[in-house]
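The values are calculated or read from the model by the stated rules, or taken from the named source; none is laboratory data. Keep in mind it's a predicted model, so treat the numbers as computed, not measured. Positions of Cβ are backbone-derived with ideal geometry, glycine not excepted, and every protein chain shown enters the neighbour counts.
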Amino acid sequence: MDEITITFSAEELIEVAKAIYLATNILIQNDYENKEMLHEIDGRICKAGFHLAPETGAFYPGGFTENEFRLNNELAEECDVLVENYDAEIFTDSVAYDLADRDFREKYGKMDALIVVNNPKLLNEIQAMQKLYIKEIETYGVTHLRLEKKESGKKGGKIKNLK
């Protein structure tokens, strides 16, 4: 593979390293086929930062990590807050919409999305369900979610209605 050279200021190098750190921490939760390449790029950026901009203190030897060099703990922690916020937002949206969709399907059966979108009554109903779940999760997290045991002979369980 041919290599190219890109020149960054020390500040830009730090921002690129933070962006790669964020991407790595979000993609690590998924089956991303180029994880090894992303780790390699991260290591190269951090190594360049350590050697070319040591005055920033933003990079240091990686120790037992997969990379020889890494972002310093302070900058990594800044990024970790963003990853946690992202995870929380994705969770809230995903769970709230999935639960509303489940309740809607239980009430009306499986329906084509275009039918729902083009029917104001149905659209308002599913949006109201979504808003209730979002409000509940934002207010209480998952404290009101409980699995119910099904009667014997029936498979699985279900999540109780939120209070």
*Out of segment 24-45, which residues are farther than 19 Å from residue 12 by Cα and surrounded by 15 or more Cβ atoms within 10 Å (Cβ to Cβ)?*
25, 26
_Answer from 22, 27, 52 - the residue that is among the aliphatic types (A, V, I, L, M) and within 16 Å of residue 68 (Cα to Cα)_ = 52
*Mind checking which residues of segment 1-44 are closer than 18 Å to residue 80 by Cβ, in a loop (DSSP other than H, G, I, E, B) and hydrophobic (A, V, I, L, M, F, W, C)?*
28
*Just one of 100, 48, 76 is assigned by TED's automatic domain parsing to the domain that holds residue 22 and either assigned to a helix (DSSP H, G or I) or surrounded by 11 or more Cβ atoms within 10 Å (Cβ to Cβ) (or both); which is it?*
48
*asked:* Contact list please: Cβ distance under 7 Å, first residue in segment 75-102 and under 12 Å from residue 138 (Cα atoms), second residue surrounded by 14 or more Cβ atoms within 10 Å (Cβ to Cβ) and of a type in the set (A, V, I, L, M, F, W, C), pairs at least six apart or on different chains.
replied: 92/134; 92/137; 95/137; 96/134; 96/137
*Which members of segment 117-145 meet the condition of being without any contact (Cβ under 8 Å) to a residue 12 or more places away in the chain, β-branched (Val, Ile, Thr) and in a helix (DSSP H, G or I)?*
117, 139
_Unique match (being under 23 Å from residue 13 (Cβ atoms) and aliphatic (A, V, I, L, M)) among 53, 96, 88_ = 53
*Could you say which residue among 24, 56 is of a type in the set (Val, Ile, Thr) and farther than 23 Å from residue 3 by Cα?*
56
_Positions within segment 135-159 being at pLDDT below 65 and surrounded by 11 or more Cβ atoms within 10 Å (Cβ to Cβ), in sequence order_ = 157, 158, 159
_Going by what's in this entry, would residue 3 be described as exposed (fewer than 15 other Cβ atoms within 10 Å of the Cβ), farther than 30 Å from residue 134 by Cβ, within 22 Å of the chain's Cα centre (by Cα) and not assigned by TED's automatic domain parsing to the domain that holds residue 132?_
no
